[in-house]
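Below is one structure, written out as structure tokens; the observations come after it.
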Amino acid sequence: MVRVERPTCSYDTSVSLSFRLSIARSSLRQAAVHRAVSMDFLPPSMASQPGDRHVFAGEWEYADGAVVRLAPDEQGNSHYDWKDGRFETHTLIGHTWHGMWFQKKNDRNGGFMVEFSPDFLEGEGRWWYSRIGTDHAPTQKGGTFHLGKKTALMSHSDTPPAP
């Protein structure tokens with residue numbers, strides 16, 4: 001007769017399975033939190049750091065058929081004339097800008113997303129409705145737009161003389 005020995009457990013078998021699963025889930029959550037935190041610390045070329053929003057400051061043209069001039073502050077927030085509107089920045093991560101827009105005069109608001117060019121001088125965006133009046137789940141579609149930063153170009157008369 002051959003005798004087979006069972007390997008011994010490295011943990012106390014009196015500990016319930018649910019307790020062990022609870023500890024395993026906790027470890028996984030901590031690992032997920034660690035990954036989320038470490039992903040927040042991407043190189044400056046890939047993530048928005050405090051103060052990076054300065055790319056918004058200045059004059060911009062928003063075009064979606066008509067052209068509207070925008071002048072966001074260094075945090076990416078601004079007012080605009082159409083329907084007593086304003087927009088605010090929620091995130092700038094890498095070259096992707098997410099925010100919300102609000103229009104008092106027609107009682108609606110929504111969100112937007114812009115994917116900027118590598119130099120942050122232009123971007124392609126889309127907007128959508130989040131609320132129209134009392135309807136908090138509107139089915140009306142939004143649209144797309146192009147955003148371009150107005151840059152100060154020197155005219156020939158501003159060219160300094162040759163040395």
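Assorted remarks:
- Database remark: amide H of R108 closer than 5 angstrom to the amide H of Q103, G133 (H placed geometrically; neighbours at sequence offset of 5 or more, or on other chains; Pro and chain starts carry no H).
- Ranking of D119, D73 by count of other Cβ atoms within 10 Å, fewest first: D119, D73
- One chain, two ends: H90 and T139. Fully extended at 0.36 nm per residue, the span grows by 15.3 nm beyond their Cα-Cα distance.
- Sorting T139, T91 from the fewest to the most surrounding beta carbons within 10 angstrom yields T139, T91.
- Ranked V67, V114, criterion: other C-beta atoms within 10 Å, fewest first: V67, V114
None of the figures in this text is laboratory data; all of them are computed from the coordinates on show. Computed from a predicted structure; not experimentally measured. Cβ: placed from backbone, ideal geometry, glycine included. Neighbour counts: every protein chain shown.
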